[in-house]
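What follows is a set of notes on a single structure, which appears directly below.
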Amino acid sequence: MRFVDKEGVPFDVRTGCDDDVPGLCAMYDGFSPKGKFQGVPPVEQKACREWIGNLVDRGRSFLALRGDRIIGHLVIIPDLDRREGEYLIFVDQKERNRGVGTRLTEAALEHARGLGLRGLWLTVGTYNFPAIALYRKFGFRFFGLDRFERERTMRLAVPGEPCL
């Protein structure tokens, strides 16, 4: 689907596939900051390629693109037995605060409903206020106590599904 960001520049959102791995590698090669939170994206190039491959193999990817360049990547890693999934999102630092994360999240939530997932969860750095604002906008709420001082877990009941 085609969207226009907050600055009036168009971008597309679509599902990802194995053929997108080179484009994802290019995005993560230039990603900043690398490895700052939970070690992802990995700093070392070989480890980063393996991590991307695992995300694509195990998860459902959604991509934001300007032309052929990937500017955002959201992954839902479903646990169909538990009817929930892990949510991970990365947006190129030059593309943040322009609505890209919002559109990726909308696409992912629609897909999660289609999979019959009841909820999503994520971990976020305690002081990553822009990311927390995005998550809260969609209804993610802090869950439980801090696992570590530097990160928190947030959960979301997928709209249209019963609460977890």
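In this entry, Arg136 passes the filter for residues that are free of Cβ contacts under 8 Å to residues at least 40 places away in the same chain and under 22 Å from Lys6 (Cα atoms). Glu86 falls short on exactly one of the conditions (1) more than 25 Å from Arg2 (Cβ to Cβ); (2) charged (D, E, K, R); (3) modelled with pLDDT under 95, and that condition is (3). Of all residues in region 19-47, those that are closer than 17 Å to Ile71 by Cα and at pLDDT 90 or above total 11.
Only one of the listed residues (Pro42, Pro22) is surrounded by 13 or more Cβ atoms within 10 Å (Cβ to Cβ), more than 13 Å from the chain's Cα centre (by Cα) and free of Cβ contacts under 8 Å to residues at least 40 places away in the same chain. That residue is Pro42. Could you list, in sequence order, all residues of region 105-140 that are of a type in the set (Val, Ile, Thr), outside any helix (DSSP H, G or I) and modelled with pLDDT of 90 or more? Residues satisfying the conditions are Thr123, Val124. Taken together, Thr153, Thr102 contain a single residue that is in contact (Cβ under 8 Å) with a residue 12 or more places away in the chain, hydroxyl-bearing (Ser, Thr, Tyr), part of a helix (DSSP H, G or I) and surrounded by fewer than 19 Cβ atoms within 10 Å (Cβ to Cβ), which is Thr102.
Taking Asp20, is it part of a strand (DSSP E or B), of a type in the set (Asp, Glu) and under 21 Å from Arg103 (Cβ atoms)? No: the conditions fail for Asp20.
Filtered by the rule that a residue be in a helix (DSSP H, G or I) and in contact with a Ser or Thr (Cβ under 9 Å, 6 or more places away or on another chain), region 53-93 gives Leu55, Gln93.
Residue-wise test of (1) of a type outside the set (A, V, I, L, M); (2) surrounded by 14 or more Cβ atoms within 10 Å (Cβ to Cβ); (3) over 23 Å from Pro33 (Cβ atoms).
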{"residue": "Glu50", "(1), (2), (3)": "yes, no, no"}
{"residue": "Phe62", "(1), (2), (3)": "yes, yes, no"}
{"residue": "Ile71", "(1), (2), (3)": "no, yes, no"}
{"residue": "Leu88", "(1), (2), (3)": "no, yes, no"}
{"residue": "Gln93", "(1), (2), (3)": "yes, no, no"}
{"residue": "Leu109", "(1), (2), (3)": "no, yes, yes"}
{"residue": "Ala112", "(1), (2), (3)": "no, yes, yes"}
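Would you call Ile76 of a type outside the set (Asp, Glu), modelled with pLDDT of 95 or more and either touching a helix residue (DSSP H, G or I) at 6+ places or on another chain (Cβ under 8 Å) or closer than 27 Å to Val158 by Cα (or both)? When the stated conditions are applied, Ile76 passes them. Comparison of Glu50, Glu7 shows that the only residue that is modelled with pLDDT of 90 or more and assigned to a loop (DSSP other than H, G, I, E, B) is Glu7.
The values are calculated or read from the model by the stated rules, or taken from the named source; none is laboratory data. It should be emphasised that the depicted structure is a prediction, and the values quoted were computed from it without experimental measurement. FYI the Cβ positions are ideal-geometry reconstructions off the backbone, even for glycines, and counts take in every protein chain you see.
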